[in-house]
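The values are calculated or read from the model by the stated rules, or taken from the named source; none is laboratory data. Since the model is a prediction, treat every value here as computed from it, not as a measurement. Glycine also receives a Cβ, built like all others from the backbone with ideal geometry; neighbour counts cover every protein chain displayed. The accessibility values were calculated without ligands, DNA or RNA, using every heavy atom of the protein model including side chains. Shrake-Rupley method; radii C 1.70, N 1.55, O 1.52, S 1.80 Å.
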Amino acid sequence: MKKFIRTAVDLGKNYFQFHGLEGEGGTAISRKLKRSKVLEFYSRIESCRIGMEACGSAHYWARELIAMGHEVVLIPPAYIKPYVKRGKNDVVDAAAICEAMSRPGMRFVPVKSADQQAVLMLHKTRELLVKQRTMSVNALRGHLAEFGVVAAKGIGRVDELIALAQADAKLPQVAKSAVGCLTQHLEGLDQSIEALEDDIARAHGQNPTSRLLDAIPGIGTLIASAVAASVPDPGVFRSGRDFAAWLGLTPRQNSSGGKDKLGAITKQGNRYIRKMLVVGATSVLRVAGKRKGALADWINALRARKPERVVAVALANKLARICWAIMTSGESFRTDTYLKA
């Protein structure tokens with residue numbers, strides 16, 4: 001059997017690019033593989049370390065190759081870019097992956113299980129449908145405003161808007177037909193979103209980590225489920241700050257010459273979880289004045305000197321750190337830090 005010290009695969013749709021090294025400083029072997037031949041090729045070589053970009057289908061191929069006895073590491077594409085030589089093609093990309101995976105300080109993405117990806121698929125599908133519902137409501141409001149039919153803002157006032165349109169005798173019948181079409185579409189979206197949330201709740205109930213996170217203030221079923229599915233191994237983060245930085249909730253640095261300059265949050269990393277954490281933190285701020293404990297005291301002291309939105313983001317950062325601490329330690333949330341006054 002062929003032996004390599006490390007190999008890299010540049011993933012594609014139908015053709016993959018293989019790059020392997022038999023020894024340090026030795027000649028590299030480069031080969032194009034059909035999608036159907038990848039597993040067969042790796043079954044004919046000894047177990048080795050395989051590097052891939054953390055992109056579409058990477059987790060699937062990682063699971064398949066790990067099952068064959070290989071060690072697979074996934075690298076964020078941004079960390080591979082510095083190792084790309086002149087030009088841009090699959091051969092160069094595969095060589096860059098092979099070089100990047102050899103660096104001692106390289107960071108890797110934990111391989112997600114099929115169940116974790118399935119839960120994340122529920123979250124992404126729900127997010128898509130919520131966006132479509134928002135678009136449909138905005139379209140309905142815009143169209144009816146042209147005929148002088150308006151209602152108060154908010155998704156909860158859409159039924160009132162539809163009722164006004166149906167009762168308006170001046171509204172042309174053709175316009176009412178369009179309203180009926182959008183109404184049916186909104187009803188279908190509401191039913192689909194509700195069904196997805198039920199599926200997420202069931203998956204949440206079967207995950208011990210997700211149930212632990214649910215006890216944190218501002219972290220409900222949706223956030224707990226998304227965090228648990230997105231972070232297979234919290235140990236890849238050295239601290240809670242690293243986890244918050246991965247979510248883009250830490251200040252952007254522009255420091256040099258011993259002078260530290262901190263700006264706004266980076267907004268890098270997982271946008272979905274970051275957005276929900278900020279929304280959850282905002283809900284906590286609404287009742288923080290009626291709570292006592294270390295967390296409540298920290299929130300109230302920060303509100304005394306910072307604007308409300310800054311406090312919300314700072315609290316989202318702290319909630320992310322608490323999530324990391326609970327995932328790594330397995331402890332339950334310390335309720336004495338946030339109690340009703």
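Numbers below:
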item	result
Selection within the range 200-234 - among the acidic types (D, E) and within 20 Å of L285 (Cβ to Cβ)	D214
Exclusive hit being free of Cβ contacts under 8 Å to residues at least 12 places away in the same chain, polar (S, T, N, Q) and either closer than 19 Å to V9 by Cβ or in contact with a Cys (Cβ under 7 Å, 6 or more places away or on another chain) (or both), set N138, N89	N89
Qualifying residue in the range 282-293 (condition: at pLDDT 95 or above, open to solvent by 50 Å² or more (accessible area, probe 1.4 Å) and under 13 Å from T337 (Cβ atoms))	no
Selected residue (criterion: farthest from the chain's Cα centre (by Cα)) from residues of the range 241-265 that are surrounded by fewer than 19 Cβ atoms within 10 Å (Cβ to Cβ) and among the polar types (S, T, N, Q)	S256
Selection count where residues are part of a helix (DSSP H, G or I) and either open to solvent by less than 10 Å² (accessible area, probe 1.4 Å) or among the charged types (D, E, K, R) (or both), scope the range 31-60	6
Hey, R252 closer than 17 Å to A314 by Cβ and either among the polar types (S, T, N, Q) or without any contact (Cβ under 8 Å) to a residue 40 or more places away in the chain (or both) or not	yes
Any hit, the range 117-127, residues being open to solvent by 70 Å² or more (accessible area, probe 1.4 Å) and modelled with pLDDT of 95 or more	yes
Residues of the range 263-286 satisfying the condition of being free of Cβ contacts under 8 Å to residues at least 24 places away in the same chain and part of a helix (DSSP H, G or I)	R271, K275, V279, R286
Given (1) closer than 22 Å to H123 by Cβ; (2) loosely packed, with under 13 Cβ neighbours inside 10 Å; (3) at pLDDT below 90, index of the condition Q268 fails	(2)
Which listed residue is of a type in the set (D, E), in contact with a helix residue (DSSP H, G or I) (Cβ under 7 Å, 6 or more places away or on another chain) and without any contact (Cβ under 8 Å) to a residue 40 or more places away in the chain, from E64, E53, E71	E64
Enumeration of residues in the range 76-100 that are in contact with a Lys or Arg (Cβ under 8 Å, 6 or more places away or on another chain) and either within 23 Å of S43 (Cα to Cα) or in a strand (DSSP E or B) (or both)	D90, A95, C98
